[in-house]
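Each remark here refers to the structure printed beneath this line.
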Amino acid sequence: MVDVAVVSFAQAPNVRRDYDRNEVEILSPVLIDVRNKVGLEKSDIDFVCSGSSDYLAGMPFSFVGGLDGYGAWPPISESHVEMDGAWALYEAWVKLLTGEIETALVYAFGKSSLADDITAVLTLQQDPYLVAPLWPDAVSLAALQARAVLDSTGHTAEEMAAVAVRDRANAKGNPNAQVSGDFSVEAIMAEPYVVSPLHKSDCPPISDGACAVILAAGDRARDLVEHPAWIRGIDHRVEPHQLGVRDLTVSESTRIAAEKASASGAFDVAELHAPFTHQSLILEDALDLGPDVTINPSGGALAANPIMVAGLTRIGEAAQRILDASAGRALAHATSGACLQQNMVCVLEGS
């Protein structure tokens, strides 16, 4: 089995609305930065894979435009997924395992602010016959899940608020996050509901952003960086599409993915892609994370949530802790779809 590692990570500052730049202009500096960190030229990259969404851009084949940020001439080996960039990383990882390539660059981009109502755009992910015609927005569906969690699991609204306080306090040290002001459980509980039982601070910000990682195999990774973030296990699973046929209070797909990725034992840090506070509680239970694990040191999706980017960012942020030798073992999680429908777990270790 070929050893594969994350050797570089870069991201754009996440902002509520990037008025002056389109997706390509947001992406280009990130792609330059991620290569410069390890001294690679474009010709040194064997494979490029991206994640984005035509629905966000409002045009077909928007990923082709995204390639302008990288440059497709001279011709490159390239692929794309209509998913969060974490799934593009999975495709690149599989290609590296074949031994055909030694390096891969993975990137993701999204301007959520392009939509008048991004939560309504996400309705298009739902079953087109029974659910989408009702136009339930993403926050309302999350609120249904949150209500089920509060009514049947023993978790409380105060615990949800504590998640927001934790993540946004962590985000103050992250220059790429969208956080300002001070937060407390009491202040969050006093906020008006967006959709009961979700307060504004229980929900993610609307974000424009991009990120990129470079993967390398074996000795190539060791040559590029002192502390490669080796991918020791990675797996993704999907829940049934129909919300009514699964238990929204647990994440069985996350639990199975963690089992398949060998996500057991001690972790120094865990980056969880939980756009809503109650989803962090669900994921912490599914992953059996103890009090010794530092969760979302970057601030997570509650501090910046560029759609199609935030999952890959969780892997990049977890890997960065190993690259800078501040952690020895890290767990990263990515999700896509309503109410934690699709889930990926990635285990990263230092040398």
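Just checking, does the range 189-198 include any residue being more than 30 Å from E25 (Cα to Cα) and assigned to a helix (DSSP H, G or I)?
The answer is yes; a qualifying residue exists.
Would the range 96-111 turn up any residue that is modelled with pLDDT of 95 or more and part of a helix (DSSP H, G or I)?
Within the range 96-111, one or more residues are modelled with pLDDT of 95 or more and part of a helix (DSSP H, G or I).
The conditions are (1) of a type in the set (D, E, K, R); (2) more than 24 Å from R222 (Cβ to Cβ); (3) in contact (Cβ under 8 Å) with a residue 60 or more places away in the chain, and D54 fails exactly one of them. Which is it?
It is condition (3) that D54 fails.
Considering the range 153-168 alone, what residues qualify as being assigned to a helix (DSSP H, G or I) and modelled with pLDDT of 95 or more?
Result: A157, E158, E159, M160, A161, A162, V163, A164, V165, R166, D167.
Residue check: is L124 at pLDDT 85 or above, out of contact with any helix residue (DSSP H, G or I) (no Cβ under 7 Å at 6 or more places or on another chain) and aliphatic (A, V, I, L, M)?
Judged against the criteria, L124 is not a match.
Anything in the range 66-90 that is in a helix (DSSP H, G or I) and surrounded by 16 or more Cβ atoms within 10 Å (Cβ to Cβ)? List them, or say none.
G66, L67, G69, G85, A86, W87, A88, L89, Y90
Out of the residues in the range 319-347 that are hydroxyl-bearing (S, T, Y) and within 11 Å of the chain's Cα centre (by Cα), state the one that is surrounded by the fewest Cβ atoms within 10 Å (Cβ to Cβ).
Looking at residues that are hydroxyl-bearing (S, T, Y) and within 11 Å of the chain's Cα centre (by Cα), I get S336.
Of the residues in the range 254-267, how many are buried (at least 24 other Cβ atoms within 10 Å of the Cβ) and in a helix (DSSP H, G or I)?
3
Select from the range 91-144 the residues that are without any contact (Cβ under 8 Å) to a residue 40 or more places away in the chain, within 22 Å of Y19 (Cα to Cα) and surrounded by 18 or more Cβ atoms within 10 Å (Cβ to Cβ) and list them in ascending order.
T119, the sole residue that qualifies.
Considering each of G39, G65, G71 in turn, give the residue that is within 19 Å of V213 (Cα to Cα) and touching a helix residue (DSSP H, G or I) at 6+ places or on another chain (Cβ under 7 Å).
G71
Tally time: how many residues in the range 46-58 are surrounded by fewer than 21 Cβ atoms within 10 Å (Cβ to Cβ) and closer than 15 Å to L96 by Cα?
Result for the range 46-58: 2.
Within the range 1-47, which residues are in a helix (DSSP H, G or I), free of Cβ contacts under 8 Å to residues at least 60 places away in the same chain and basic (K, R)?
K42
Report, by residue number, each residue of the range 1-35 that is surrounded by 15 or more Cβ atoms within 10 Å (Cβ to Cβ), modelled with pLDDT under 95 and among the β-branched types (V, I, T).
Within the range 1-35, V15, V24, I26 meet the criteria.
Any residue at all in the range 236-248 that's closer than 30 Å to V24 by Cβ, in contact with a strand residue (DSSP E or B) (Cβ under 9 Å, 6 or more places away or on another chain), in contact (Cβ under 8 Å) with a residue 24 or more places away in the chain and surrounded by 15 or more Cβ atoms within 10 Å (Cβ to Cβ)?
So far as the range 236-248 goes, yes, one or more of its residues are closer than 30 Å to V24 by Cβ, in contact with a strand residue (DSSP E or B) (Cβ under 9 Å, 6 or more places away or on another chain), in contact (Cβ under 8 Å) with a residue 24 or more places away in the chain and surrounded by 15 or more Cβ atoms within 10 Å (Cβ to Cβ).
With the requirement that a residue be of a type outside the set (S, T, N, Q), within 30 Å of Q320 (Cβ to Cβ) and surrounded by fewer than 20 Cβ atoms within 10 Å (Cβ to Cβ), what does the range 184-200 give you?
Matches in the range 184-200: V185, K200.
Restricting the range 148-206 to residues that are among the polar types (S, T, N, Q) and free of Cβ contacts under 8 Å to residues at least 60 places away in the same chain, which is nearest to P291 (Cα to Cα)?
T156
The values are calculated or read from the model by the stated rules, or taken from the named source; none is laboratory data. Everything numeric in this text was worked out from a predicted model, so none of it was measured. Backbone-built Cβ (ideal geometry, glycine too); neighbour counts: all protein chains shown.
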